[in-house]
Structure formats: C-alpha cells, structure tokens
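Working notes, beginning with the structure itself.
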C-alpha cells in the first residue's frame, strides 16, 4: 500500500468509508474537530472570557492563509462562503453601463449569480459555452472588447473537474488591463494556489470542501492596490480602525482587507480553518497534488478497463482531483443508495458520477469506488 500524502489516521471517516466526495463536503480531521470541541467548551464554561482568546486567533489565521497563497496578511478578509467573496467584488466595483464580464456557462452559482445580477445595472455578460469553449487566453483574444472589465473563472470546475489555466488567463488580463477574479473553492486544498503567480486581483474560497474545515467560513483575497477602490458595500462596525470605540461614527475604515469583514466573524470556524490549513501546509500542497493526481490516474484507468465512460477526459495540464464518469444506464437514486450502503462517498447526478479523492485516500478507496460503479459499465 502506497503512503498517503495526509496521515490517514487523522481522518476517522476513513475507518469505514471510502470517502471520495471532497468536491461536496470535506470531512473534518480529528485535530480540527478537537479544536472545535475545545472552543465550544470554553464558551460554555466561560462565556465572553472563553471566546476572547478564540477571537484573538483571527490575525494568526489570516497570516496563515496569506502565506499559503503568497499574499500579504492585509490582503485577506474572512467571510462565510465563496459567494460572499464574489459578491464583495461584484458589488464593490463602480460599473458603467456597457462594461463587460467574461465567464463560462458552467460555473457554479457562487461564481455566476453575483456577476449575472449586474445585468440590471447595464453590465454585459459574455458566457463561454463550456465544455466546447474554455476561458483561455486564445478564447479571450477572440471575444474580448475594449469594454471588457473583468474575467471570472473557477480554478477547477465543480462539475467535471477541468483545471483552468489561471496563470495564463491572469497574464492575459494583466496585459489587457482587465480585472481577474478566481473562485478557488474546488482547487485550493488539494492543489497549490499562488495569487501572485496567476496575477489574480481577487480570489475567494470557502473552507468546507478541500480545506477540510467547517461550513460558514471562507476567505477572500483583494490585491492591496484595489482595497481602497472597492466600494465598502459590506462595511459595518468591525470595518473601522477602532471597532471598540462604538460611538465614533466618523472614524476611518481599516486600511486592510479586513474592512470587508463587516460584523462579527465565525471565530470558531476561522480557528478551525487554521488547524486544517496547518495540516495541509505541513503535508505539502505539492505532495498532496501529486498523490491525488495519482489516485485520479488509477480511477480513470480502472474505469476504462471496466467499460465506464470518462467524461473528464482532459490533457494532463487540465486535470484535477475531480473526475466525472458516465453513469451509463444506472438509475441515479439506486446508485446513490448502493454507494451509501457500501460506504463509498461519491456524488451521483443525472450528468454522471463525480469522484473527488483527497490526500488521505489510498488505492483501496479508489478500488472500492470502482466496485460500486459496476452498474455504470456500458453493455
């Protein structure tokens, strides 16, 4: 048995399940769960005095996130979800009628509706027709106009796992003076993310999937030079320089991205993110990527040998930890029930079967997935 990139013993889910559904929800590692229990016990026993040290961890975790994605701590704000990050940008830019945004038509709603809703303000939305079209530099050369203001892409597509060339798109945007927004939700955690290398102006990422953290916490990166330019549409009492000076309504907004956090945060969630992120970084995101892509290769090869169609048939540079397989004639509800009964974690939808292993999964997990998918084989 090959060594896993993440210590398998830290993931209780692996004792029974072949859990390969991280594109849906990531299970908590035991240290993260233990940290949350400690936090809630402190609030239970001590109230305010129990929560004060938890709130104080916020800036340490902010620095952790910044270091992990090659940003500055002052460029990171904590929010609830990926949607919040996209909404912050969409509602913070001073759009003019006729401005244009380019994105793909297979984006998850969190990276679609915030932009689509701008049509009521006269913004044009240009949608690439995926999978035939992808948002690449060549595509942008063919469709961009002098009014193109922003390009938004997911690092990895939620449905088929296509890994966008965010470095190439970022270079294109920089060369053409176009803003670049990255939804990192389905990539960061099993893939590295470097916001400088991909020339991102904005990046946002929920923590409840590949970052193996609780729901209700996310981070957004805003490039330093753009913090003052974004309208403070989400500003509230914790957005100012001295939030504890409650009745000084005239004080300035905080100079860093934390001005976008607004009110009180999900402090237990932020602290838990710090624990899980530390685990991932210590293991090495590059090592996790290699391990996950190795499992992907085993899954794809096994599926082809079994006669199961591989919808996510991509060149190596576009591969990620998400694989979409053809479910053939298998009934969606029956296959879901079959997988659950076998304690195999996958997502079954009309479009196919999505499999998404992480760094603690092993080859036996992949083989258990393939065994469950026998009804998907083509006759």
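The values are calculated or read from the model by the stated rules, or taken from the named source; none is laboratory data. From a predicted model like this one, the values you see are computed outputs, not experimental measurements. Quick reminder, even Gly has a Cβ in these numbers, built from the backbone with ideal geometry, and neighbours come from all protein chains shown.
Just one of the numbered conditions (1) modelled with pLDDT of 95 or more; (2) touching a strand residue (DSSP E or B) at 6+ places or on another chain (Cβ under 9 Å); (3) farther than 23 Å from residue 69 by Cβ is not true of residue 130: (1).
Against the test of being in contact with a helix residue (DSSP H, G or I) (Cβ under 6 Å, 6 or more places away or on another chain), assigned to a loop (DSSP other than H, G, I, E, B) and either on the phi < 0 side of the Ramachandran plot or without any contact (Cβ under 8 Å) to a residue 12 or more places away in the chain (or both), the options 193, 140, 212 yield a single qualifying residue, 193.
The number of residues in region 100-123 that are without any contact (Cβ under 8 Å) to a residue 24 or more places away in the chain and in a loop (DSSP other than H, G, I, E, B) comes to 1.
Is there a residue being free of Cβ contacts under 8 Å to residues at least 40 places away in the same chain and part of a helix (DSSP H, G or I) anywhere in region 89-99? Walk me through how you get there before you give the answer.
First, the residues of region 89-99 that are free of Cβ contacts under 8 Å to residues at least 40 places away in the same chain: 90, 96-97.
Still in the list and also part of a helix (DSSP H, G or I): 90.
Yes: region 89-99 contains one or more residues that are free of Cβ contacts under 8 Å to residues at least 40 places away in the same chain and part of a helix (DSSP H, G or I).
Filtered by the rule that a residue be touching a helix residue (DSSP H, G or I) at 6+ places or on another chain (Cβ under 9 Å) and either buried (at least 23 other Cβ atoms within 10 Å of the Cβ) or in a loop (DSSP other than H, G, I, E, B) (or both), region 5-18 gives 5, 6, 7, 11, 17, 18. The condition of being assigned by TED's automatic domain parsing to the domain that holds residue 207, assigned to a helix (DSSP H, G or I) and out of contact with any helix residue (DSSP H, G or I) (no Cβ under 6 Å at 6 or more places or on another chain) holds for only one of 37, 61, that being 37.
Among the residues of region 19-34, those identified as under 22 Å from residue 347 (Cβ atoms) and either touching a helix residue (DSSP H, G or I) at 6+ places or on another chain (Cβ under 6 Å) or in a helix (DSSP H, G or I) (or both) are 19, 20, 27, 29.
One line per residue, one yes/no per condition, for (1) in contact with a helix residue (DSSP H, G or I) (Cβ under 6 Å, 6 or more places away or on another chain); (2) over 28 Å from residue 84 (Cα atoms):
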| position | (1), (2) |
| --- | --- |
| 257 | yes, no |
| 264 | no, no |
| 298 | yes, yes |
| 322 | no, no |
| 337 | no, yes |
| 353 | no, yes |
| 360 | yes, yes |
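Working only within region 209-228, note down all residues that are surrounded by fewer than 22 Cβ atoms within 10 Å (Cβ to Cβ) and either under 11 Å from the mean Cα position of the chain (by Cα) or under 18 Å from residue 25 (Cβ atoms) (or both). Spell out the reasoning first.
Taking region 209-228 first, the residues surrounded by fewer than 22 Cβ atoms within 10 Å (Cβ to Cβ) are 214-216, 223-228.
Across region 209-228, the qualifying residues are 214, 215, 216.
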